[in-house]
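Structure, as structure tokens:
The values are calculated or read from the model by the stated rules, or taken from the named source; none is laboratory data. These numbers come from a predicted model, not from an experiment. Cβ: placed from backbone, ideal geometry, glycine included. Neighbour counts: every protein chain shown.
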Amino acid sequence: MRKPKIRELREAIKSMISKPYTTKFPYEEHIPFEKFRGKPVFNPEKCVGCGACSIVCPAGAIQLEDRVDEKNFMGTRKLTHYSGICIFCGQCEANCIADNQGIKLSKEFDLAYFHQGQDSHFVEQELLICRSCGRIIGAKKHLIWAIKKIGHLSFAQGILLNINQELLTVYSGISERKIEKPFRYTDIFKVICPQCRRETLILDEKIKP
Ligand code: SF4
Ligand code: SF4
């Protein structure tokens, strides 16, 4: 038999006198170590509904679903996380545009469930809908996020200007009714998508003397 090396002997003695690495879970509470990557959890206050986490997730564990009520120009974006599919890589948190706070890996590791569907949780954000064609412009909180990023430059863009005015409680363009075609050139300042905005610009060009 090969004689144990000094280093191995030292390790064996050390392990005999030190505490075990394993814990007594589930008989005793287990506290994960500091950098443990557990279930990612949404923070509805911080999330702006951009959908970046859903795009970067390599496992497809974050589903994005947009629901639009075209009649009332209302919509919601629902992001659902499925921990049964998640591989806990942390890409969602690393790429979250809301300072990595919209979704964060928690210390939750005990993810066994009795029924399918219990492994999911979601966050919902309001969508801004074009008042003319009913297309989705984006998540309202995402647009407010953009306003904060670019500051006063946001006053140069129709939709952002409109949201700015609403935030300043100067004017509530968001609650406007349907904008009918043909557009008037002043419609450029209303809640319309880039495609409809382009049409208003062309009209503006046309009516110039
Ligand atoms: S931790 Fe990785 S696999 Fe899990 S939701 Fe985030 S990006 Fe997807
Ligand atoms: S803000 Fe973060 S958590 Fe929310 S949708 Fe965007 S990337 Fe995902």
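Observations, loosely collected:
- Just one residue in the set Lys46, Lys35 is within 16 Å of ligand 2 (Cβ to nearest atom), of a type outside the set (S, T, N, Q), assigned to a loop (DSSP other than H, G, I, E, B) and out of contact with any helix residue (DSSP H, G or I) (no Cβ under 9 Å at 6 or more places or on another chain); that residue is Lys46.
- Taking region 49-80 as the range and being over 24 Å from Cys133 (Cβ atoms), buried (at least 16 other Cβ atoms within 10 Å of the Cβ) and in contact with a strand residue (DSSP E or B) (Cβ under 6 Å, 6 or more places away or on another chain) as the test, the residues that pass are Cys53, Ser54, Ala61, Ile62, Leu79, Thr80.
Condition check ((1) closer than 12 Å to Ser54 by Cα; (2) in contact with a helix residue (DSSP H, G or I) (Cβ under 8 Å, 6 or more places away or on another chain); (3) modelled with pLDDT of 95 or more) across all residues:
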position: Lys71; (1), (2), (3): no, no, no
position: Leu79; (1), (2), (3): yes, yes, yes
position: Tyr82; (1), (2), (3): yes, no, yes
position: His115; (1), (2), (3): no, no, no
position: Gln118; (1), (2), (3): no, no, no
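- Residue within region 112-121 that is more than 27 Å from Val68 (Cα to Cα), more than 16 Å from the chain's Cα centre (by Cα) and either crowded, with 16+ Cβ neighbours inside 10 Å or of a type in the set (A, V, I, L, M) (or both) present: yes
- Among the residues of region 127-169, those that are part of a loop (DSSP other than H, G, I, E, B) and basic (Lys, Arg) comprise Arg131, Arg135.
- Test: residue in region 56-68 that is small (Gly, Ala, Ser), modelled with pLDDT of 95 or more, in contact with a Phe, Trp or Tyr (Cβ under 7 Å, 6 or more places away or on another chain) and more than 17 Å from Trp145 (Cβ to Cβ): yes
- Any hit, region 95-105, residues being at pLDDT 90 or above, assigned to a helix (DSSP H, G or I) and closer than 30 Å to Ile31 by Cα: yes
- Check on Asp66, more than 10 Å from ligand 2 (Cβ to nearest atom) and over 18 Å from the mean Cα position of the chain (by Cα): no
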